[in-house]
Amino acid sequence: MRTTRNLAALAALGLALSACASEAGNQATESAENTAEVQEDVEFDAGTTMAELNEAGAITIGTKFDQPGFGLLNPDGVPEGFDVEIGKLIAAELGIAAEEIEWVETVSANREPFIQNGQVDMVIATYTINDARKQLVDFAGPYYLAGQDIMVAAGNPEGIQGPDDLAGKNVCSVEGSTPAQNIRDNYPEATLTLFDVYSKCADALTNGQVQAVTTDNVILTGLVAGNPEGFELVGNPFTEEPYGIGLTLGDTDFRNFVNDVLEESFENGSWADAWDRTAGAITGEEAPEPPQVDRY
């Protein structure tokens, strides 16, 4: 029953995002200012990741650079979006200012390797929590609940209404993503075309190489907002995608700390404010109810 209710809510969100995408597409996403107050006098137990980062006064965060509303490079070459703002909130609680964050472009396929190899301290990149990934990295969160949907050419010339209509169609997604794996596992009659980033999928849809693009609804909504004359969202999400923050496997203290920060942001309104200034500015939707953190 819980899954049914959540999918119904996602469907309603998808329809609302589809309806507002054209209007929102005319709005440029402004570079969101970091409103989180940097904690200057925090202390952490010696030897913890929190203590090490606080002492260094800097943190490296992996995020995406091509997803409007969540992680997109602005004209100054600085990433902005909801994922970026979540990273700033966490850094502030570590005593680290926004300008001391090093942002590393992290595409779907290299999220686990970047964490495992120590190239980043965390990944905040529309990163779905699932059991297979939990064997490789730890997750804090979720901090957002999305759902897989489908983007088609404006006017939907193929008449695609859901995943069952993808049979015999060329469908684009990104290597290493849960939406791509879902198509492989559950809709094998679709022909899957894979790239490293979703912007290439959008290009493939524009030039007719594929008839559909599939990933999470909020990602697709950002792409539609960038080209409302060329794309539209089907608005029929068919999975649940809980976004989490990827951390080093076994670093329980750090995971608990990040979960504490997330829950505090849910309560004090900074999470909703981050949404309103980023993804909400594109979708036209007010911040939803935050999800419940899973302290597994």
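The values are calculated or read from the model by the stated rules, or taken from the named source; none is laboratory data. Treat the numbers as computed from the prediction; the structure is a model and nothing was measured. Quick reminder, even Gly has a Cβ in these numbers, built from the backbone with ideal geometry, and neighbours come from all protein chains shown.
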**Item:** Qualifying position, being at positive phi and either of a type in the set (S, T, N, Q) or at pLDDT 95 or above (or both), among G284, G250
**Value:** G250
**Prompt:** When the stretch 178-192 is examined, which residues are found to be polar (S, T, N, Q) and either crowded, with 17+ Cβ neighbours inside 10 Å or not in a strand (DSSP E or B) (or both)?
**Reply:** T178, Q181, N182, N186
**Request:** Tell me, please, whether a residue that is over 21 Å from G226 (Cα atoms) and in the same structural domain as K134 (by TED's automatic domain parsing) can be found in the stretch 66-80.
**Result:** no
**Residue count, the stretch 218-256 (criterion: of a type outside the set (D, E, K, R) and in a strand (DSSP E or B))** = 9
**Item:** Among (1) in contact with a Cys (Cβ under 9 Å, 6 or more places away or on another chain); (2) of a type outside the set (D, E); (3) touching a residue at least 40 places away in the same chain (Cβ under 8 Å) - the single one T178 does not satisfy
**Value:** (1)
**Message:** Any residue in the stretch 146-159 that is surrounded by fewer than 18 Cβ atoms within 10 Å (Cβ to Cβ) and among the aliphatic types (A, V, I, L, M) sitting within a Cβ distance under 7 Å of a residue that is part of a strand (DSSP E or B) and at pLDDT 95 or above? List the pairs, counting only those 6 or more apart or interchain.
**Reply:** A154/F231; A154/E232
**Asked** Somewhere in the stretch 93-114, is a residue over 16 Å from the mean Cα position of the chain (by Cα), without any contact (Cβ under 8 Å) to a residue 40 or more places away in the chain, surrounded by fewer than 21 Cβ atoms within 10 Å (Cβ to Cβ) and over 22 Å from P242 (Cβ atoms)?
**Response** yes
**Message:** Criterion first (in contact with an Asp or Glu (Cβ under 6 Å, 6 or more places away or on another chain) and within 22 Å of S265 (Cβ to Cβ)) does I124 satisfy it?
**Reply:** yes
**Request:** Specify the residue that is surrounded by the fewest Cβ atoms within 10 Å (Cβ to Cβ); the eligible residues are those in the stretch 82-92 that are β-branched (V, I, T) and under 11 Å from the mean Cα position of the chain (by Cα).
**Result:** V84
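Step by step: first the residues of the stretch 22-61, then only those that are in a helix (DSSP H, G or I) and at pLDDT 95 or above, then the one that is farthest from Y127 (Cα to Cα). Which residue is that? Full working, then the answer.
Our first condition is that a residue be in a helix (DSSP H, G or I); within the stretch 22-61, this holds for 22-24, 49-56.
This time we only want the ones that are at pLDDT 95 or above, so: 49-56.
On the way: T49: 21, M50: 22, A51: 25, E52: 25, L53: 22, N54: 25, E55: 28, A56: 26 Å.
Here the residue is E55.
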**Request:** Scan the stretch 62-81 and give yes if some residue there is modelled with pLDDT of 95 or more, under 21 Å from T252 (Cα atoms), more than 16 Å from the chain's Cα centre (by Cα) and not aliphatic (A, V, I, L, M), otherwise no.
**Result:** no
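Among the residues of the stretch 185-207, what is the count of those that are more than 19 Å from F65 (Cα to Cα) and out of contact with any helix residue (DSSP H, G or I) (no Cβ under 8 Å at 6 or more places or on another chain)? Show your work before the answer.
Here is the first cut: in the stretch 185-207, the residues more than 19 Å from F65 (Cα to Cα) are 185-193, 205-207.
With out of contact with any helix residue (DSSP H, G or I) (no Cβ under 8 Å at 6 or more places or on another chain) added as a condition, the list becomes 185, 188, 191, 205-207.
Adding up the residues that qualify gives 6.
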**Request:** Report those helices (runs of 4 or more DSSP H) wholly inside the stretch 75-141 carrying at least 3 residues which are among the hydrophobic types (A, V, I, L, M, F, W, C).
**Result:** 82-93
